[in-house]
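Read the figures in this text as sums done on the coordinates, not as results from a lab. Here the structure is a predicted model, which is why all the values come from computation and not from measurement. Every residue, glycine as well, gets a Cβ built from its backbone with ideal geometry; the counts of neighbours run over all protein chains shown.
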Amino acid sequence: MKVAIIYNKDIQGVINTFGMQNKEFYNEKTVKKVASSLENAGHNVAILDGNKQIIERLENFMPRVLEGEQMGMVFNMAYGIQGESRYTHIPSMLEMLGLPYVGSSPSGHALALDKVLTKIIWKNNNLPTPDFWVFNSADEDLSTVEYPVIVKPKMESVSFGLKVVYNDNDLREAIDFIVNEFDQQALVEQFIRGREFCVGLLGNSPVETFPVLEIDLEGDPDGIQTVDDKKHKPRRKICPAKLSPELAEKMQKISIEAFKALNLRDFARVDIRLDEDENIYLLEINSMASMGQTGSYPAAAKVAGYSYESMVTRMLDVASVRYFANSLMTQLPDELNGGKVSQPVRIRSFLKTRQQQSEKFLKKLVDTNTHVRNVDGVNMCSELISKELSHLGFTHEVYPQLEVGNILYFTNSFSKEIDYLILMPIDNHVKLAEQENYSEHEQYLAGTGIWENKGGISTVISALQALRFIRSLKKVKIGILLTTDSTIDGKYAKSIIQQKAGQAKKIVGLSGSTKDGGLILSRSGSAIYRIDTKLVKKDVSENISLTALNFNKTLVNVTDISRNDSESLIAPFDILFKSNIFKRYAYGSAGISVRYNSQEELELIEQKIKKIVIQQKRSKIYQIQFEGGQKRPAMAQTPDIENFYHEISKLAKKIDVRVSKNHRWSSSDICHIHKSMPKIDGLGPNGEFMPSNNERILRHSLIERALLLALILNT
């Protein structure tokens with residue numbers, strides 16, 4: 001399933017810096033360890049920064065589910081950025097968005113984070129907790145306080161501001177520090193001399209308790225664990241703690257009751273003091289128990305029999321059971337699965353490690369101008385691709401071209417017959433002066449051609465590298481046809497495409513996919529016509545305006561043919577009309593672009609255009625000329641294409657990659673292939689065209705599509 005890990009990194013990603021700033025953050029190594037654990041369990045994981053852009057990031061990674069799809073989940077590791085009740089910020093937003101998540105609800109976090117409310121609720125439930133006082137300033141009456149006491153902020157964790165005091169002067173100083181430093185009330189709590197313990201909790205019905213863990217205070221009954229201890233020199237942890245079975249069991253039972261009293265969910269850590277008479281006192285409960293590898297929670301989980309990976313996957317699983325009443329674990333942790341790692345997990349892990357190299361290669365492709373008439377640029381791009389493929393054991397044939405770049409065919413097979421033909425056009429219509437160079441953003445990669453074709457090139461190179469990594473590349477016979485004239489309708493490549501397609505079992509196109517994962521099962525055909533007109537009867541000045549009027553009327557009537565017709569699109573382009581009433585000349589020309597979905601539709605459109613033009617030809621005032629025809633046939637959705645799509649969608653479902661059926665109004669090289677062949681286009685990364693000549697792809701889709709393509713080729 002799709003799992004979005006949210007944590008806090010960019011704390012400047014807010015509208016204003018305002019209110020109490022968070023001091024608690026996860027180390028990126030820990031976040032990556034959690035991600036790796038979930039990926040090894042077969043999940044599709046993205047790490048997202050929980051600042052003001054988080055909604056867009058979530059929407060891109062796990063968009064609205066369609067009927068029958070499995071809903072993704074959020075693994076919340078975000079402590080919040082600023083303001084009050086920071087633990088509640090991301091869960092509250094997820095509640096609004098309708099996204100399930102691991103961990104407690106906003107109300108549960110709010111209660112657990114407010115130590116005063118926590119203690120009040122525990123006392124009302126007859127749970128043991130030290131006596132306490134709450135102060136707003138250091139000037140308040142301290143006469144009821146019984147020393148020694150420990151002072152802490154009312155709504156902080158990780159032992160921030162913790163201090164043990166023994167007299168009024170020190171207490172006033174500590175209160176003043178808390179109120180001014182943390183901008184909140186100071187909680188003054190009876191200090192319990194003795195030993196310190198914690199109990200890790202996991203699950204809901206029932207709640208599992210880890211073995212009781214003791215924080216080694218080195219025999220000092222007045223010792224405490226400070227924030228510096230936790231961050232820089234963690235105290236030794238003893239687990240299981242040296243307690244009688246009865247006392248340990250009592251601690252575990254009280255911890256579960258404390259967890260339930262606050263209506264917490266999924267996991268937590270309860271902190272406990274045991275006095276010198278072995279009386280148990282609940283100190284606080286952390287509803288977002290730290291998962292840092294030196295922390296108490298993972299240490300106790302290990303003694304309970306969990307590896308770090310199985311602990312993380314179990315946390316996700318208990319949340320999924322709570323939401324969906326069934327387990328969402330797609331794979332057992334390695335230690336319970338004979339140490340075997342599934343093929344998709346191995347491929348995904350490989351692709352993740354090579355993500356930086358893949359993006360670097362993509363940058364080279366995008367920054368190389370491949371305008372269809374820029375022969376040097378196109379050939380330079382071909383050389384970059386050829387170098388990568390040669391490292392993978394592919395040989396190539398060259399089909400020299402003078403007007404466009406050379407067409408290349410690569411294969412890893414010695415026989416002509418191949419399993420898959422991959423179509424790889426590299427040219428575009430953008431000249432160097434108008435090209436948008438490669439740019440990186442947290443969620444997107446952008447640049448000319450990155451969605452239309454170059455992202456797909458990077459995807460296939462990554463997929464082939466992954467197949468070599470799992471030693472499967474030589475088991476499948478692959479042909480890759482690199483074309484350089486797609487922008488001019490495959491004028492030179494058409495016959496080569498048809499020849500190589502005839503030797504393949506299936507054909508794959510690497511055009512960019514839509515943001516919702518659309519695979520192209522059908523494409524419109526293309527036809528181009530030209531209409532030219534010229535004034536011939538120049539003796540009357542009014543004939544100039546009459547020529548202009550009828551030229552425009554002809555274009556309007558031709559364009560109007562496709563009105564209310566869902567099977568065709570007609571649009572004029574490159575319209576030119578010039579006239580001069582003094583020199584008495586008038587002439588005009590226009591291209592007519594036609595997109596159609598069947599040959600019958602094109603024939604009907606052509607008849608209608610000819611009829612409109614013939615009516616104008618009867619005029620003796622001006623001449624009109626009409627020419628043109630089909631450039632590419634339509635690619636119709638056939639049963640073979642439908643079956644191929646269903647094979648791909650089954651693979652996609654296994655790895656939680658969304659695919660859907662898509663018709664593309666634009667034409668491409670794949671349209672030249674005979675309708676009897678099983679073929680699918682749109683296996684490039686998810687993205688879209690942007691204003692001007694820019695395009696962008698979703699960054700995470702580079703890995704998703706490479707994984708999916710590798711699995712397709714490996715079947």
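At a 10 Å Cβ-Cβ cut-off, how would you order 587, 297, fewest neighbours first?
Listed from fewest to most nearby Cβ atoms, that is 587, 297.
Neighbour counts of other C-beta atoms within 10 Å: give me 372, 31 arranged from fewest to most.
Neighbour counts put them in this order, fewest first: 31, 372.
Starting with the highest mean, order 140-147, 637-644, 188-195 by the number of other Cβ atoms within 10 Å, averaged over the residues of each peptide.
188-195, 637-644, 140-147
Restricting things to alpha carbons, find the Rg to Rh ratio for region 26-174 using the Kirkwood radius for Rh.
1.10
Relative to the first principal axis of the alpha-carbon coordinates of the chain, what is the inclination of helix 355-366, with its axis defined by its Cα atoms, in degrees from 0 to 90 and to the nearest 10?
30 degrees
Residue 539 to residue 577: extension gain in nm, 0.36 nm per residue of separation minus the Cα-Cα distance?
11.7 nm
Compute the Rg to Rh ratio over region 2-102 from the alpha carbon atoms, using the Kirkwood formula for Rh, and round to two decimal places.
0.97
For the pair residue 164 and residue 260, how long in nm is the line joining their label points, each one 7 Å along Cα→Cβ?
3.4 nm
Going by how many other beta carbons lie within 10 Å of each one, how would you line up 540, 270, 116, fewest first?
540, 116, 270
Using the structure shown, list the pairs from 123/152; 505/608; 363/654; 360/505 with a Cα-Cα distance above 28 Å, or answer none.
505/608; 363/654; 360/505
So in the chain, what percent of DSSP beta bridges are antiparallel if you round to the nearest 5?
DSSP beta bridges in the chain are roughly 75 percent antiparallel.
How big is the chain along each principal axis, measuring the range of its Cα positions in Å and listing the largest first?
115, 64, 43
So what is the orientation-averaged projected area of region 88-159, using the convex hull of its C-alpha atoms, in nm²?
The orientation-averaged projected area of the Cα hull of region 88-159 comes to 6.8 nm².
What percent of all Cα-Cα pairs in region 561-715 falls into each 10 Å bin, going from 0 up to the bin containing the maximum distance?
In whole percents, the pair-distance histogram is 8, 26, 27, 19, 11, 6, 2, 0.
Taking the alpha-carbon set of region 160-306, what are its Rg and Dmax in Å?
According to the Cα coordinates of region 160-306, Rg and Dmax are 15.8, 48 Å.
Using a basic spin-label model with each label point 7 Å from the Cα along Cα→Cβ, how many nm lie between residue 375 and residue 642?
Modelled inter-label distance: 4.7 nm.
Evaluate 2.2 N^0.38 Å with N set to the residue count of region 525-632, then give the Cα radius of gyration divided by it.
Rounded to two decimals, the normalised Rg is 1.13.
Only Cα pairs under 8 Å and at least 6 apart count here; give the relative contact order of the chain as a rounded whole percent.
Computed value for the chain: 12 percent relative contact order.
Identify all lysines with a Cα-Cα distance to residue 364 below 19 Å; exclude those on the same chain that are fewer than 8 residues away in sequence.
Output for residue 364: 387, 431, 454.
In whole Å, what is the distance between the alpha-carbon centres of region 243-301 and region 625-674?
That distance is 58 Å.
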